[in-house]
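Here the structure is laid out as structure tokens; the discussion comes afterwards.
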Amino acid sequence: MAKAPSKKIAQKSEQELAALLPFPSHGSPMLPGVEVESYNVELREKRRFVGDRANKKAFASLVEKWRKIVENESDEKLRELSLKKLSRKKLEQILTKGEPEAAAVVQAAIDDFAKRLADVIERYLEIDEWKKTELIFVGGGMSGSRIGELAIGRVQSLLYERKISLKLQVIRSDPDEAGLMGAAFLAPSWIFKGYDAILAADIGGTNMRAGVVKIRRSKKGELKSISVARSSIWEHAEDDPERAEAVEHLVGMLKRLVRWSRKHKILLAPFVGIGCPGRIRMDGAIDRGAQNLPGNWEADRFNLPALVSEQLTVFPGQRTAVVMHNDAVVQGLSELLRAGKTRHWAALTIGTGLGNAKFRMRDL
């Protein structure tokens with residue numbers, strides 16, 4: 001009969017327990033190289049999350065607000081700016097080549113959005129874990145556009161104006177790849193020794209992505225660079241699947257990538273890293289924050305990492321290890337090498353929601 005955990009073990013905090021484990025657990029605050037001091041902050045105001053003031057939906061609403069103002073005052077019909085026709089590419093075209101009234105609407109929305117995001121950042125900086133933040137990487141779908149770059153640049157100006165000495169940088173990797181690349185830092189580098197790549201999945205409220213992440217190591221075995229060799233995307237929001245269908249589709253994407261890797265002689269490690277919205281428990285269940293995903297992903301008996309491990313064989317004869325963490329954490333980890341010697345840094349991801357994570361470099 002297995003021994004029950006000692007009282008000393010049972011009384012330890014999540015951080016202390018994670019530090020004792022030889023391998024990072026799901027949602028672990030202790031990862032190779034960094035401590036995740038905070039993520040998925042759920043600050044509220046007037047019964048809504050503060051972060052909802054600065055997500056993709058909020059920006060679309062601001063465009064609609066200014067469109068109506070201009071139309072009411074000028075009788076100019078700006079149909080190309082209606083909510084049903086909004087797209088990142090279309091907005092960029094309007095901003096650079098559109099009629100002055102339409103371009104002004106987009107610019108006004110950018111300015112308002114920047115003020116909201118600056119306010120949200122100020123609120124986060126009031127939290128103990130965020131107070132020492134020196135640098136914030138901003139990612140997500142919106143950040144990968146000229147619209148997003150202008151908004152982030154404006155936020156930086158506003159922070160300077162407010163005497164907040166904090167640097168903002170756009171996540172360097174493509175938004176479709178950053179959430180995959182960060183998965184390489186969910187496990188210690190020694191697990192990848194002798195392998196060329198790993199599988200990764202990035203689950204969002206609109207899309208699911210899966211990819212083959214190639215890893216280049218130094219002579220000492222440390223991760224030196226990462227890149228996405230192959231990826232696929234599924235816009236699940238358009239299909240409105242049940243939870244079981246979503247999991248089946250995700251596993252199918254991963255299986256196809258396994259076959260592609262074998263065909264191209266890329267040796268995959270028996271490991272999958274997953275980024276997923278919400279608070280991730282150490283057992284792999286989702287505590288809360290997954291309301292934008294198809295079906296109930298917060299059910300006690302639903303465990304995505306266990307299902308993926310059970311249904312996916314990456315390396316014949318070996319059980320596939322799966323580690324899942326919050327999607328903003330994983331996107332932030334994609335910039336770990338770029339963070340350099342910055343001790344306290346964070347990540348914000350502008351998407352269906354506003355993802356957030358705060359990191360501290362560990363003394364190793």
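Here, each number is a calculation from the coordinates, and none is a lab measurement. As the structure is a prediction and not an experimental result, all values here were calculated from the model. Because the Cβ atoms are built from the backbone with ideal geometry, glycine has one as well, and the counts that use them run over all protein chains shown.
Please give the helix 56-74 orientation as an angle from the longest Cα principal axis of the chain, in degrees from 0 to 90, rounded to the nearest 10.
10 degrees
Using a Gaussian network for the chain with springs between C-alpha atoms less than 10 Å apart, which of these wobbles most: Gln318, Gln291, Gln331?
Gln318
Taking the 0 to 90 degree range and rounding to the nearest ten, how far is the long axis of helix 243-263 tilted relative to the main principal axis of the chain, both from C-alpha atoms?
With both axes taken from Cα atoms, the answer is about 70 degrees.
Charges at C-beta only: +1 for Lys and Arg, -1 for Asp and Glu. How large is the resulting dipole of segment 289-364 about its Cα centre, in Debye rounded to 20?
Working: 8 positive and 6 negative charges, 88 e Å.
The dipole magnitude comes to about 420 debye.
What order, most packed first, do the peptides 184-194, 64-74 have when packing is the mean number of other Cβ atoms within 10 Å of each residue?
184-194, 64-74
Could you tell me the number of lysine pairs in segment 90-246 with C-alpha atoms less than 26 Å from each other, where the two lysines are 8 or more residues apart or belong to different chains?
16
Do you know the relative contact order of the chain, to the nearest whole percent, from alpha carbon pairs under 8 angstrom that are 6+ apart?
It rounds to 23 percent for the chain.
To the nearest 10 degrees, how steep is helix 146-161 against the longest Cα principal axis of the chain, on a 0 to 90 scale?
Compared with the principal axis, the helix lies near 90 degrees.
Taking the chain as a Gaussian network, Cα atoms linked when under 10 Å apart, which of Lys57, Lys89, Lys167 shows the biggest mean-square fluctuation?
Lys89
Pop out the ³J(HN,Hα) list for segment 205-213 in order, Karplus 6.51 cos²θ - 1.76 cosθ + 1.60 with θ = phi - 60°, rounded to Hz; leave Gly and Pro as x.
Computed from phi, the couplings for segment 205-213 are x, 10, 10, 10, 10, 9, x, 9, 9 Hz.
About the Cα centre of segment 45-170, how large is the charge dipole given +1 on each Lys and Arg Cβ and -1 on each Asp and Glu Cβ? Please answer in debye to the nearest 20.
420 debye
Taking only C-alpha pairs under 8 Å that are 6+ residues apart, what is the relative contact order of segment 162-277 in percent?
Normalised by residue count, the contact order of segment 162-277 is 32 percent.
What residue among Ile233, Ile198, Ile136 has the largest mean-square fluctuation in a Gaussian network model of the chain, using Cα springs under 10 Å?
Ile233
How big is the charge dipole of the chain about its Cα centre, in debye rounded to the nearest 20, if each Lys and Arg gets +1 on its Cβ and each Asp and Glu gets -1 on its Cβ?
Details: 60 positive and 47 negative charges, 270 e Å.
Computed about the Cα centre, the dipole is about 1300 debye.
Give the residue from Thr206, Leu62, Cys276 lying farthest towards the positive end of the charge dipole for the chain; charges sit on Cβ (+1 for Lys and Arg, -1 for Asp and Glu) and the dipole is referred to the Cα centre.
Positive-end residue among those listed: Cys276.
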